[in-house]
Structure formats: C-alpha cells, structure tokens
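Notes to accompany the following structure.
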Amino acid sequence: KSADSEGFSYRVDGDKTVQNVEKNVYFTYKYYENMRTYIYGDEKEKNYYFDENFKLKKVVDVGNNRQHIDISTVDENKIKEEIYENFKPILKESEENKPFINLQWIFNWVYRDRIK
C-alpha cells in the first residue's frame, strides 16, 4: 500500500518507509534488534542506524558486502543535515497533517538553536 506525494513514495506494510525517489534515498522506522530504530539509506548504499533518541548506532555499507563502518569516522551532524535536506519537502507537510513517520526530531534538531 502506498500513497505518493510529489517525488516521494511511502510504504506502510510492516516497516514505515518514505523514499525520496529523485535522490534515491530512504528513511525507515522499524523495530530492529528489539529496539525502535530509524534507518537512513543514502544513494551510495550506506545504511545509517539511529536509536529512538536519534543517536547514530551503526553504519553498514550495503554496497560493499554489508561491511560495518567505524562510526567514529562518520560525521553524524553532516548525515542529519543530509537527511533534513532530502526530506525537507515532507517536513512542511507533516507539520500540517498527522505525520506518516514522525520526523519531528529532525525539525527540532535543525532548529535547536532557534528554539530556546
């Protein structure tokens, strides 16, 4: 089952996934290893796993034999900015409607310095 918005596709069976079709990146919310987990998949076939507090927990290079990448070599803020840029159009939409995936954390993260 999917409801498509301009340039985005949504999947709600089981995992909740939203994909930016143009940039070929996706964002999933699911139970993974008994925890609520957010997974961002970038166009280079790297998957970034975040816990429910949106702390980066692991990075898997799916395109390179699912190798794990040392997260100390990853700029977590840069990844979060990338996610924000890739899903910005639907953040606006989710402010007005009940969001399909709760992206409030990224809104808060981006505007953290302005909301005091």
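Listing for the model above:
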| read-out | value |
| --- | --- |
| Number of positions in the stretch 40-58 that are closer than 19 Å to residue 20 by Cβ and either part of a strand (DSSP E or B) or over 11 Å from the mean Cα position of the chain (by Cα) (or both) | 10 |
| Tally, over the stretch 44-58, of residues that are polar (S, T, N, Q) and closer than 16 Å to residue 70 by Cβ | 1 |
| Hits in the stretch 32-54 - residues which are free of Cβ contacts under 8 Å to residues at least 12 places away in the same chain and charged (D, E, K, R) | 33 |
| Residues that are at pLDDT 90 or above and among the polar types (S, T, N, Q), drawn from the stretch 18-65 | 19, 20, 24, 28, 37, 47, 64, 65 |
| Test: residue in the stretch 83-93 that is surrounded by 14 or more Cβ atoms within 10 Å (Cβ to Cβ) and modelled with pLDDT of 95 or more | no |
| Selection count, the stretch 64-82, where residues are open to solvent by less than 70 Å² (accessible area, probe 1.4 Å) and either of a type outside the set (Lys, Arg) or free of Cβ contacts under 8 Å to residues at least 24 places away in the same chain (or both) | 6 |
| Residue match in the stretch 30-40 (condition: of a type in the set (Val, Ile, Thr) and touching a Gly at 6+ places or on another chain (Cβ under 7 Å)) | no |
| The stretch 94-116 - residue that is modelled with pLDDT under 65 and part of a helix (DSSP H, G or I) and, of those, most open to solvent (accessible area, probe 1.4 Å) | 96 |
| Conditions (1) at positive phi; (2) in contact (Cβ under 8 Å) with a residue 24 or more places away in the chain; (3) surrounded by 13 or more Cβ atoms within 10 Å (Cβ to Cβ); number of the one not met by residue 29 | (1) |
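The values are calculated or read from the model by the stated rules, or taken from the named source; none is laboratory data. Note that the structure is a prediction, hence the values are computed from the model and not measured. Because the Cβ atoms are built from the backbone with ideal geometry, glycine has one as well, and the counts that use them run over all protein chains shown. Surface accessibility is based on the protein's heavy atoms, side chains included, excluding ligands, DNA and RNA. Shrake-Rupley method; radii C 1.70, N 1.55, O 1.52, S 1.80 Å.
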